[in-house]
Amino acid sequence: SDGLHVLVYGAINERKGLFELIEALAQRPSAQSPTLVIAGAQDEDVRARLATAIAKLKAPVPVVFDRFIPAEMELDLFSACDAVWL
């Protein structure tokens, strides 16, 4: 799709700063917001809170892969995204 893509990658837990990133993106006009791609196994706390958090994003809709990311998919994700939030 068009526009920028920001990848949040790795073990998705509270320390990742995901919720702070979502809050910052929610403040931007939809036309200026990148697509958020969240890829990695989520811990229980993140999983419980994520749907509520991403509902604050106007558009585009985030892409979420809540699982271990195999090497071949990792390469595709890094190639497809413009920035990585580690």
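The one condition from (1) assigned to a loop (DSSP other than H, G, I, E, B); (2) under 16 Å from residue 11 (Cα atoms) that residue 57 does not meet is (2). For the stretch 2-42, the set of residues classified as surrounded by fewer than 19 Cβ atoms within 10 Å (Cβ to Cβ), touching a residue at least 60 places away in the same chain (Cβ under 8 Å), farther than 13 Å from residue 61 by Cα and aliphatic (A, V, I, L, M) consists of 21 only.
Can you find a residue in the stretch 40-47 that is assigned to a loop (DSSP other than H, G, I, E, B) and β-branched (Val, Ile, Thr)? Within the stretch 40-47, not a single residue is assigned to a loop (DSSP other than H, G, I, E, B) and β-branched (Val, Ile, Thr). Scanning the stretch 1-39 for residues that are over 14 Å from residue 83 (Cα atoms) and either basic (Lys, Arg) or in a strand (DSSP E or B) (or both) yields a count of 4.
Within the stretch 24-31, identify whether any single residue is on the phi < 0 side of the Ramachandran plot, within 11 Å of the chain's Cα centre (by Cα) and modelled with pLDDT under 95, and answer yes or no.
Taking every residue of the stretch 24-31 in turn, at least one turns out to be on the phi < 0 side of the Ramachandran plot, within 11 Å of the chain's Cα centre (by Cα) and modelled with pLDDT under 95.
The values are calculated or read from the model by the stated rules, or taken from the named source; none is laboratory data. Bear in mind the structure is a predicted one, so any value in this text is a computation, not a measurement. Cβ: placed from backbone, ideal geometry, glycine included. Neighbour counts: every protein chain shown.
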